[in-house]
Each structure stands twice: as structure tokens, then as C-alpha cells.
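These notes are about the structure you will find just below.
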């Protein structure tokens, strides 16, 4: 099954995946606010870095879940 279909199915059927996806989307919105600024304070730079790390962890978690789900279909 292709990656897009796995993602769609997990969004419908798996609460943990849906929660991670929703958190990832929220972090994306927060990061876009930082990226819209022409200048960031040191505090904002640190916050942006933290948000990027959190977002990456969620992305890795979702990718792992998709991979495992794909393997279970084989």
C-alpha cells in the first residue's frame, strides 16, 4: 500500500497517529509565525529551535507508525 493511503487510513483509524498528526500541524503553525518575522530575539530563536525538534520527533513517530502498519499488511 502506498504511503499516502497508509497515512489516510491511520488518520481515520488510529487515535495515537491522529493525535501526533494534529500536534505536528499545530507546531507547523507556530513555526510559521516565527518564520514570518524579519528578526528573532535570542529567546525566540531558542523557542523556534525547540519547536523544530518537537516537530521532527512527531514526524519520526508518525513515519515509524506508518512503516509498521505497512509491514503488517504484507
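The values are calculated or read from the model by the stated rules, or taken from the named source; none is laboratory data. Quantities reported herein were computed from a predicted structural model and do not represent experimental measurements. Cβ coordinates were reconstructed from backbone atoms using ideal geometry, including for glycine residues, and neighbour counts include every protein chain displayed.
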Of all residues making up segment 61-73, the number that are closer than 14 Å to residue 19 by Cα and either surrounded by fewer than 12 Cβ atoms within 10 Å (Cβ to Cβ) or out of contact with any helix residue (DSSP H, G or I) (no Cβ under 8 Å at 6 or more places or on another chain) (or both):
1
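Tell me which residues, restricted to segment 1-28, are surrounded by 10 or more Cβ atoms within 10 Å (Cβ to Cβ) and out of contact with any helix residue (DSSP H, G or I) (no Cβ under 8 Å at 6 or more places or on another chain). Let's see the steps before the verdict.
Residues of segment 1-28 surrounded by 10 or more Cβ atoms within 10 Å (Cβ to Cβ): 1, 3, 5-11, 13-14, 16-28.
Passing the criteria: 5, 8, 13, 19, 22, 25, 26.
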Residue pairs meeting the criteria (Cβ under 7 Å; at least 6 apart or on separate chains; first under 11 Å from residue 67 (Cα atoms), in segment 1-13; second exposed (fewer than 11 other Cβ atoms within 10 Å of the Cβ) and modelled with pLDDT under 95)
1/73
